[in-house]
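For reference, the structure discussed in these notes is given below.
The values are calculated or read from the model by the stated rules, or taken from the named source; none is laboratory data. Keep in mind that what you see is a predicted model, and the values were worked out from it rather than measured. Here Cβ is always computed from backbone atoms with ideal geometry, including for glycine, and neighbour counts include all displayed protein chains. Calculation scope for accessible area: heavy atoms of the full protein, side chains included, ligands and nucleic acids excluded. Shrake-Rupley method; radii C 1.70, N 1.55, O 1.52, S 1.80 Å.
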Amino acid sequence: RAAGVAGWAQTEAGACSPHHLLPGPVDRFALNQAHVDLRNMIIAWAKGLDHYSHFMLATGRSGVDWNLTALGNGDNGFEDLPKPALYAFRACADLLGEAPCVAEPDIGTGVKGYVFDGGETRVAAIWQWNGAPRTLRPAAPLASARWHDMMGGVREPADGIRLSLFPVYCVSRLPTADFVRALRASPREAGRTSSAAQEGQDASDPNLNLLAP
């Protein structure tokens with residue numbers, strides 16, 4: 001924990017959102033809020049906080065859900081369902097564990113990244129926070145690295161790794177200094193965008209594959 005930094009961070013970053021409608025697609029608002037909440041958590045952990053508390057307050061089934069649950073649909077008797085943010089939080093916790101942040105590499109303009117040291121492996125959490133999505137081409141030292149999307153799914157970097165507002169993770173056995181150098185040496189190329197492009201993402205973002213209805 002960083003000197004002088006409190007051990008807990010709390011947020012009320014959620015909002016009311018629509019019910020989970022038939023046939024059950026994930027609404028765009030829930031997806032967008034998931035990456036906002038996830039980035040908040042990663043930054044909090046990177047800056048030395050040892051707990052990140054995200055809670056919900058509901059006065060009934062249509063109450064304020066703070067982006068954690070959604071009212072179900074007729075198929076399940078309108079029982080509450082988890083929202084994408086819960087899965088993203090779990091994936092982040094599984095990948096980072098209690099690893100401390102050991103570096104904040106300068107990967108490029110508009111890109112945010114932190115490296116966490118898990119002992120046997122290092123994990124980088126990376127996202128494109130400003131500008132259109134770009135494709136990162138992993139440098140040769142990262143050939144054996146394992147890449148995950150924000151939901152924990154494994155991504156094959158053969159065609160590059162999509163950088164957008166949705167964080168991705170890179171897991172490597174390289175020492176921290178070598179890992180940072182490899183990340184900085186990985187070129188970033190302009191990605192294809194669509195008319196739906198907004199805030200660093202577009203409808204073809206592969207990070208949404210596991211979230212698609």
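Taking 17 Å as the cut-off, the amide N atoms of the range 118-142 that come nearer than this to a point 7 Å along the Cα-to-beta-carbon line of residue 159 belong to 133-138.
Here the range 88-162 exposes an accessible surface that is 46 percent carbon and sulfur, computed with a 1.4 Å probe and the other protein chains kept in place. Across the range 102-112, rounded Karplus estimates of 3J(HN,Hα) from the backbone phi angles (6.51 cos²θ - 1.76 cosθ + 1.60, θ = phi - 60°) give 10, 7, 10, x, 8, 8, x, 4, x, 10, 10 Hz, Gly and Pro being marked x. Projected label points at residue 143 and residue 129, each 7 Å from Cα along the beta carbon direction, are separated by 3.4 nanometres. Each peptide among 164-170, 183-189 gets the average number of other Cβ atoms lying within 10 Å of its residues, and from highest to lowest they stand as 164-170, 183-189. For the modelled label position 7 Å from the Cα of residue 177 along Cα-to-Cβ, which residues of the range 93-134 have backbone nitrogen atoms closer than 12 Å? Flagged as within label range: none. Looking at the range 61-186, the accessible area is 44 square angstrom per residue; that uses a 1.4 Å probe and ignores ligands, DNA and RNA.
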